[in-house]
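**Q** My structure is below; once you've seen it, I'll send some questions.
None of the figures in this text is laboratory data; all of them are computed from the coordinates on show. Given the structure is predicted, the values throughout are model-derived calculations rather than measurements. Because the Cβ atoms are built from the backbone with ideal geometry, glycine has one as well, and the counts that use them run over all protein chains shown.
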Amino acid sequence: MYCPGRVIHSPYRHARVWVTIAAVDEGEAMLARRLGSLLRTERERRGISQEAFAAGAGVAQQQLSRFERGARPITSTLADRMFGVLGLQLRVDVEASGGHRDAAIEGVRAELVERQRGVFADLQLFALRAPRFGYVIDGAAAALLQGVPVPAPRIDLLVAEGELDALAEWVQFSSARRYDEKRRDFLRYDTDPRDPGPRWWRTAHAEVKVRLVATLPPPVLVTVTVGGDGEEHRAAVRALPAVEGDFPEVARVLRRLRDR
């Protein structure tokens, strides 16, 4: 049985850390260990010493050491403050129990080729209707094309900031609806990606969510055989470790596969 998740908001919006917690007998201790491990990993990734970080977070170095070892519970307020020092927003989520999660993974694995073909079919329709601009496939679709048995309900794309005008042409050409956060639906209003709002659209053929980046990362090229005639299609996808770091649903599946 799993406890309900809660979102801890932070004034820092540069990134997100996702934590999955299970309501097992040692739930509090497990949460403390997970938070401590995440905090240590993110601190060390930035090359910040314990002493310097403790001073910035307003805690004693000995106290920080206990937090990072998972030897001391941490309140949501203090966790939010410490991750905020690193420019991170802390978010807590839940996931299905082991048996249900395994069943979902195996269900996608049994249909892996068909689901990969479905992604390529959506991409072909997208390309036919899009002005030419470069992109790298991201998110669950990128993981699926690299063999990870994870559902891909939409196509996430990385697009270079210099391609914003071309992206706007695609939105207009495709008569795409844009996701409205207040109404939680796709609408025909304010669809231009140069206007404020999520860069997330739905067309008659596919759902596409875009993240603008200064430059596209070096892609991984994947090939999938599509159709009974053995026709092969290639796509540029984001490397799996980077996808895992940004997309919790991909991270959960990979973590479960590694734990087996």
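**Q** Looking at the calculated P(r) for segment 50-92, what percent of the C-alpha pair distances fall above 14 Å? Kindly include the intermediate steps, with their values, before the conclusion.
**A** Working: 410 of 903 pairs.
Roughly 45 percent, rounded to a whole number.
**Q** Just the ratio, please: alpha-carbon radius of gyration of segment 111-259 over 2.2 N^0.38 Å, N its number of residues. If you can, show how the numbers build up before the last one.
**A** Working: Rg = 15.3 Å, N = 149, 2.2 N^0.38 = 14.7 Å.
Normalised Rg, Cα atoms only: 1.04.
**Q** At most 13 other Cβ atoms within 10 Å and a DSSP loop assignment: could you name the chymotrypsin sites (Phe, Trp or Tyr not before Pro) in segment 164-233 that fit? Walk me through the numbers on the way to the answer.
**A** Working: sites: W170, F173, Y179, F186, Y189, W200, W201; in loops: Y189.
Those satisfying the criteria are Y189.
**Q** Sticking with this structure for a sec: What is the packing order of peptides 44-53, 67-76, taking the mean over residues of other C-beta atoms within 10 Å and listing the highest first? Don't jump to the answer; show the numbers that get you there.
**A** Working: 44-53: 12.5, 67-76: 15.7.
Top to bottom by mean Cβ count within 10 Å: 67-76, 44-53.
**Q** Treat the count of other C-beta atoms within 10 Å as a stand-in for reagent exposure and order M30, M82 from fewest to most.
**A** Details: M30 15, M82 25.
Least crowded to most crowded, the residues run M30, M82.
**Q** Right, next: Quick one: length gained pulling S65 to R132 fully straight, 0.36 nm per residue minus the C-alpha distance?
**A** On the way: separation 67, 0.36 × 67 = 24.12 nm, distance 5.17 nm.
Between S65 and R132, full extension yields 19.0 nm more.
**Q** Rank by packing, highest mean first: peptides 251-259, 212-220, with packing defined as the count of other Cβ atoms within 10 Å averaged across residues. Don't jump to the answer; show the numbers that get you there.
**A** Details: 251-259: 15.3, 212-220: 13.0.
Descending mean neighbour count gives 251-259, 212-220.
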